[in-house]
Amino acid sequence: MKEAQEEMGEEKSLSSAVAPTASEPVSKRARNTVITPRLAAALDRARVSDRNATLILAEAALSFYCSAAEITVNRSTIRRQRKGCRTNFAASIKKDFAVKVPFRL
């Protein structure tokens, strides 16, 4: 009987070690962005694809002794960040563009 209780206790400890409970914080992946507006513009000017940008940024992170767990380097995240930078840049251009003379055709 005592052995069965010990086994139940071991099973509970194993299941709690595998599956986090509601009170324990769940670790999430890195959320640090590596794409700045200037970097996105440089990658666009050089016509670097999202997949190639992923390879370049991963190797650059390793050469700067940055852990891969600290930054997010995958194709979809880089694409999303580049699109966001392009959208922000286009919005700033539209905002700064002011027509002082009425258009005539």
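Of everything in the range 64-83, what is of a type outside the set (A, V, I, L, M, F, W, C) and not in a loop (DSSP other than H, G, I, E, B)? Give them in sequence order.
Listed by number, the residues that qualify are Arg75, Ser76, Thr77, Arg79, Arg80, Gln81, Arg82, Lys83.
Kindly check whether there is at least one residue in the range 47-55 that is at positive phi, outside any helix (DSSP H, G or I) and at pLDDT 90 or above.
Narrowing the range 47-55 to residues at positive phi: 47.
Cutting the leftovers down to outside any helix (DSSP H, G or I) gives us 47.
Still in the list and also at pLDDT 90 or above: 47.
Scanning the range 47-55 turns up at least one residue that is at positive phi, outside any helix (DSSP H, G or I) and at pLDDT 90 or above.
For Ala61, state whether it is surrounded by 13 or more Cβ atoms within 10 Å (Cβ to Cβ), among the small types (Gly, Ala, Ser) and part of a helix (DSSP H, G or I).
On the way: surrounded by 13 or more Cβ atoms within 10 Å (Cβ to Cβ): yes; among the small types (Gly, Ala, Ser): yes; part of a helix (DSSP H, G or I): yes.
The answer is yes for Ala61.
Test Arg38 against the criterion of being assigned to a helix (DSSP H, G or I), surrounded by 12 or more Cβ atoms within 10 Å (Cβ to Cβ) and among the basic types (Lys, Arg), and give yes or no.
no
Filter the range 50-68 down to the residues that are under 17 Å from the mean Cα position of the chain (by Cα) and over 15 Å from Thr33 (Cβ atoms) and list them by number. Explain how you work it out, then say what you get.
Initially, the range 50-68 is screened for residues under 17 Å from the mean Cα position of the chain (by Cα), giving 50-62, 66-68.
Answer for the range 50-68, where residues must be under 17 Å from the mean Cα position of the chain (by Cα) and over 15 Å from Thr33 (Cβ atoms): Arg51, Asn52, Leu55, Ile56, Glu59, Leu62, Ser67.
I'm trying to understand the selection: among the residues of the range 84-105, which are among the basic types (Lys, Arg) and not in a helix (DSSP H, G or I)? Step through it out loud before you land on a result.
Initial filter on the range 84-105 (among the basic types (Lys, Arg)): 86, 94-95, 100, 104.
Those that are among the basic types (Lys, Arg) and not in a helix (DSSP H, G or I): Lys100, Arg104.
Filtering the range 14-27 down to residues that are modelled with pLDDT under 65 and not in a helix (DSSP H, G or I), which residue is surrounded by the most Cβ atoms within 10 Å (Cβ to Cβ)?
Of the residues in the range 14-27, the ones modelled with pLDDT under 65 are 14-22, 27.
Subsequent filtering for residues that are not in a helix (DSSP H, G or I) retains 19-22, 27.
On the way: Ala19: 8, Pro20: 11, Thr21: 8, Ala22: 5, Ser27: 6.
Selected residue: Pro20.
The values are calculated or read from the model by the stated rules, or taken from the named source; none is laboratory data. None of these values were measured; they are calculated from a predicted model. Ideal geometry is used to build each Cβ from the backbone, glycine not excepted, and the neighbour counts take in all protein chains shown.
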